[in-house]
Structures are given as structure tokens and as C-alpha cells.
1. How about the range 87-105: which of its residues are touching a Leu at 6+ places or on another chain (Cβ under 9 Å) and not hydrophobic (A, V, I, L, M, F, W, C)?
2. Could you please find all residues in the range 111-151 being under 19 Å from the mean Cα position of the chain (by Cα) and among the hydrophobic types (A, V, I, L, M, F, W, C)?
3. Mind checking which residues of the range 176-210 are at pLDDT 75 or above, touching a helix residue (DSSP H, G or I) at 6+ places or on another chain (Cβ under 9 Å) and either among the aromatic types (Phe, Trp, Tyr) or loosely packed, with under 10 Cβ neighbours inside 10 Å (or both)?
4. Taking into account only those residues within the range 117-148 that are touching a Leu at 6+ places or on another chain (Cβ under 8 Å) and small (Gly, Ala, Ser), which is nearest to Thr91 (Cα to Cα)?
5. Which one of the conditions (1) touching a helix residue (DSSP H, G or I) at 6+ places or on another chain (Cβ under 8 Å); (2) free of Cβ contacts under 8 Å to residues at least 60 places away in the same chain does Asp37 fail to meet, given that it meets all the rest?
6. State the number of residues belonging to the range 221-261 that are at positive phi and either open to solvent by 40 Å² or more (accessible area, probe 1.4 Å) or in a loop (DSSP other than H, G, I, E, B) (or both).
7. Quick one: what pairs do we get from the range 110-124, first residue in contact (Cβ under 8 Å) with a residue 40 or more places away in the chain, second outside any helix (DSSP H, G or I), C-beta under 9 Å, 6+ apart or different chains?
8. Given (1) in contact with a Ser or Thr (Cβ under 8 Å, 6 or more places away or on another chain); (2) open to solvent by 80 Å² or more (accessible area, probe 1.4 Å), identify the lone condition not met by Asp70.
Amino acid sequence: MKFRGTSKVNFTEDEITRGLKELAKEIHLENQNRQNDLIRDVYARFGLAYYMSEVVHRGLCNIYALLSFDKKESITSPRFEEKILEVFQSTLGKVVYLIREEGILPEEWSEKLTKLVQKRNYLAHYFWYEQSHLMFEENGLIALYDELNDYVDFFSQINDSLENFLEPKRNEMGITKDIIEKQLERIAAGKESEPFIQQRKLKKQERLVKVWNVKTGEQLVSQVFETDDGCLWQLCDVGLGWTSFELPEPNWEINKQIEPYLPANINPRPKDSNPWNYEFRLKKGAVLWVKRGEKDNTYYIGVKSKNTE
């Protein structure tokens, strides 16, 4: 039995040339699309790596602002906001320095923190300068993607470790998961939070000109001081600190115990101070002393003068 085969197709030389050119275009386009996808993925991975480094940075800011207090009774809202804004404006290296200076993280964190700063600085300042030549071919793009993925993993692991360290500390300070979840729900619902206080930094020497007794709770009275430039301040764990008050109010009562010894030039953050235990030297040789109260979130104040010694 015989079978009839298909007839042979003959292409001209021009047709073959055109076909090969079309095939080359398709291959080039496919390679270009694949390279474009890799470039997009590399940029996205860099963005994720940098974002995760920023998450760690902000996490360390929160750790410093919270755990640099000796205990929760020392915390006041204005003082916490002063600390958090100070570190939010600091570089990662400065925040790590502050944490080390306060001894907030255990010694085993030392090497991790060193690597953290090195990797973040390299990513922010040197990565593209040293690696951009790899963006022009596929193998280089794959190498960049893999390296950036290692950065993502590193920062993510640091963040997880910080969360595990911070969670029991937060609970000790009274900041429970329930409180955090409620705040996240408020944010998701678009409810505005109270804005942070914005106040100037303290100078090495401040001139106190007035002082009032101001009710800050049902049974709490705080002293609010005014400096010669019109700024208001409250007492905090280490001396003068920020206050939520912007201007004096008519119902404020002058503190008659301290007022006779003003105006006075003081060091607003006495060097020999301990949390809620320090002194200010006022006019006429008087000394304003501050000591922690017996009850939580309270303090005592008094004036020692030559007449009372």
C-alpha cells in the first residue's frame, strides 16, 4: 500500500529572510519584556527592603521613647511625646547610640545593631552607586534581586526579634495588645489622633519668670512654668519638660510658694538628677526640690530657702 505525502513547500530567499527577522524581533521582544519585568521586580524589592529598614528604625524609636523611662510611673504624656519626636528626627545610627547609652537592649543585641546600621547605610547611600552596572543584563538583575531579598529577610528578622523583646515590656508599661488594636481600628476608620505637641528644644539655661498651679486631672495639680520668651513648661522625670498648654488660662492659680524666688536662671535638666528627684537653684539662694510621690503618678515639691534652713 502506498501513501501520498504532503507536497513540498518552497520558500524564496526573501521570505526566509523576512521570517528570520520576525522571529528575531519576537525573541528580542520576549527578552526585553522579561528584562523589564526583572527591572520592575528589582525596584520593588529595593522599595520593600528600604521600607522594612524604616519599620525597624521606627520600632527602635518606640523602644527608646518607652524604655528609657525607669518605670511606668515616671512617664508623662508630654515627656513621652518629647522623646518620640526627638528620636523620630534622628538617624538610625543616633537612635542606636541612644539605646546603647541607656543600656535598653541586652548585650547580645550589640552585633545585630552594628550590622543593622551598616546594612541600612549601605542600602541608602551606596547600593545603587556600586551595583547599578548590573541593571543591564539578566544575570545581573537576578543577582540584585537575590541580594535585596536577603536585605528584606534580615530587616524582617530584626523587626520580629524587636517585637518579641518589646511585647512583655509594653505590657509592664500598661500598653496591652487590646490598646494597640483599638488604636489601629481608629486609624483604619479614619479617626484623627491628637497631634503631637510641637515645642522648641530646651536651652542650657532657661530664665523662669512665672509659675502656676494647674489642674491636670480630677485630683492632680501640676506646676506650669513660663520662661522669658513666653514658652510654657511642666515638670517631668528629669527637670523641665514639654506641656500640652500653649497659653496661660485665666483660671490658673499663681504658685505663691515659688513665685517670690522668680525670675531665676536655671539649668532645666540638672546633671545630678535622678527620675523625679532633682533640684533647681532659684533667686535669693532658694532651692526648688522635686521628689517622687508615694502614690503612682504623683510628686512632691518644696522650696528650701535661707529662712527655712
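The values are calculated or read from the model by the stated rules, or taken from the named source; none is laboratory data. Every value quoted in this text rests on a predicted model; they were computed, and no experiment measured them. Ideal geometry is used to build each Cβ from the backbone, glycine not excepted, and the neighbour counts take in all protein chains shown. Remember, those area values only see protein heavy atoms, side chains included, never the ligands or the DNA or RNA. Shrake-Rupley method; radii C 1.70, N 1.55, O 1.52, S 1.80 Å.
1. Hits for the range 87-105 are Ser90, Arg100, Glu102.
2. Within the range 111-151, Leu113, Leu116, Val117, Leu123, Ala124 meet the criteria.
3. Gln198, Lys201
4. Once the filter is applied, the top-ranked residue is Ala143.
5. (1)
6. Residues meeting the conditions: 1.
7. Within 9 Å, the pairs are Lys112/Leu105.
8. Among (1) in contact with a Ser or Thr (Cβ under 8 Å, 6 or more places away or on another chain); (2) open to solvent by 80 Å² or more (accessible area, probe 1.4 Å), Asp70 violates only (1).
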